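Colleague: This is the structure I want to talk about, given as structure tokens.
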Amino acid sequence: MDQPNTYLWYQSLIRPSWAPPSWLFGPVWTVLYLLIAVSFGTVLFRVYRKKLKTRFAIPFVLNLIFNFAFTPLQFGLQNNFLAAADILLVLITLIWSLKIIYPKISWIALLNLPYLVWVSFATVLQLTITYLNL
């Protein structure tokens, strides 16, 4: 992925007036990835140690896959449509993750509320950008 071309491409997109500045994404995702590492790591470790059933890991693993796919889809392929579909899958699997884990380990669901808020916002933003750039 060529950084200058990626930056220029993103800057050329029509974005809503309420879109945050590009520099904000790095710090926000740094904090969120720390929360994700602790909470998702805890779930996966407990599944590995047989303290949780494997079914609890499925939405968390899918969420990570879809989360990590977003940047290559959006910026590598420069494909807003695929990025929009992917961010919807990130949101769906995150909600599924939090719903399934809350009865067992509520602090993990609560720790991920900032992630849920950001992904909800990012979903609306991506869908808006996709629409504006049809």
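The values are calculated or read from the model by the stated rules, or taken from the named source; none is laboratory data. Predicted, not measured: the structure shown is a model, and the values here were computed from it. Note that each Cβ is placed from the backbone with ideal geometry, even for glycine, and that neighbours are counted across all protein chains shown.
Colleague: What about Val61, is it surrounded by 12 or more Cβ atoms within 10 Å (Cβ to Cβ), over 13 Å from the mean Cα position of the chain (by Cα) and closer than 17 Å to Trp96 by Cβ?
Modeller: Numbers: surrounded by 12 or more Cβ atoms within 10 Å (Cβ to Cβ): yes; over 13 Å from the mean Cα position of the chain (by Cα): no; closer than 17 Å to Trp96 by Cβ: yes.
Answer is no for this residue.
Colleague: Sticking with this one: Of the residues Leu88, Leu8, only one is under 18 Å from the mean Cα position of the chain (by Cα) and either at pLDDT 95 or above or of a type in the set (A, V, I, L, M) (or both); which? Break it down stepwise before answering.
Modeller: On the way: Leu8 fails: under 18 Å from the mean Cα position of the chain (by Cα).
After applying the criteria, what remains is Leu88.
Colleague: Same structure, new question: Is it the case that some residue within the range 43-51 is surrounded by 12 or more Cβ atoms within 10 Å (Cβ to Cβ) and touching a residue at least 60 places away in the same chain (Cβ under 8 Å)?
Modeller: So far as the range 43-51 goes, yes, one or more of its residues are surrounded by 12 or more Cβ atoms within 10 Å (Cβ to Cβ) and touching a residue at least 60 places away in the same chain (Cβ under 8 Å).
Colleague: Go through (1) surrounded by fewer than 19 Cβ atoms within 10 Å (Cβ to Cβ); (2) under 18 Å from Arg15 (Cα atoms); (3) over 15 Å from the mean Cα position of the chain (by Cα) and name the single condition Ile129 misses.
Modeller: Of everything listed in (1) surrounded by fewer than 19 Cβ atoms within 10 Å (Cβ to Cβ); (2) under 18 Å from Arg15 (Cα atoms); (3) over 15 Å from the mean Cα position of the chain (by Cα), Ile129 misses just condition (1).
Colleague: Oh, and also: List every residue pair whose Cβ atoms sit under 8 Å apart, with the two residues 6 or more apart in sequence or on different chains, where the first one lies in the range 112-128 and is over 18 Å from Asn79 (Cα atoms) and the second, anywhere, is of a type outside the set (A, V, I, L, M, F, W, C).
Modeller: Correct list of pairs: Asn112/Ser39; Asn112/Ser97.
Colleague: Still on this structure, I have one more. Using the structure shown, decide if Thr93 is within 13 Å of the chain's Cα centre (by Cα) and modelled with pLDDT under 95.
Modeller: no
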